[in-house]
Amino acid sequence: MTRVWMPPVLLVLSGAAVATGPARSGDPVTAAVLFVLFLLFAGMISPLVFPRPVTAAEARRRSAADGCPVVYWRPGCTYCLRLRLRLGRDASRLHWVDVWRDPAGAAEVRAANDGDETVPTVFVADRPHTNPDPSWVREQLPPAA
């Protein structure tokens, strides 16, 4: 779990270090802007941007019940972030499995990608699709009730 938060925490600390220079030089506005930019980027790569992850077993169970795809992802992955942001509100309808938190999920991704832990890997009807186009993923969602 600590490795999930390591990149965002390092960004916040780096932002504080970078903002210290302008603050000491008497330019608090530049310091504040730099720090806020680092905070925003840290927030974007943190797990907070994604819906709450579930285990691979729970995601498969839920997917079988509602027909929604299962997305295997990891924090810090730019392709996962792209998928999440392009899906918008529809992202909450998918079942998200964090491969850094769930070893079984990581094993499923490696099995689907010839031993590579390539994310995002989206399972639709038990078929894996590695780094699919977000518009295609949206098309795979069942109609909203």
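We did not get these values from a lab; they are worked out from the coordinates using the rules stated. Please read all numbers here as calculations on a predicted model, not as lab measurements. Reconstructed Cβ throughout: ideal geometry from the backbone, glycine too, with neighbour counts over all protein chains shown.
Here are a few things to note about the model shown:
- GNM top mover of Gly115, Gly76, Gly105 - the chain, alpha-carbon springs below 10 Å: Gly115
- Cysteines (scope the chain) whose Cβ has no counterpart Cys Cβ under 4.7 Å: Cys68
- Proximal charge balance of Asp90 [Cβ under 11 Å; K/R count +1, D/E count -1]: +4
- Over all other residues within a Cβ to Cβ distance under 12 Å of Ala64, the charged ones net out to 0, with Lys and Arg as +1 and Asp and Glu as -1.
- Part-to-part distance (alpha-carbon centres) for the stretch 7-39 and the stretch 90-136, which is given in Å: 35
- For the stretch 2-48: Kirkwood Rh in Å [reciprocal of mean 1/r, alpha carbons]: 10.7
- Rg/Rg_ref, the chain, where Rg_ref = 2.2 N^0.38 Å and atoms are Cα: 1.23
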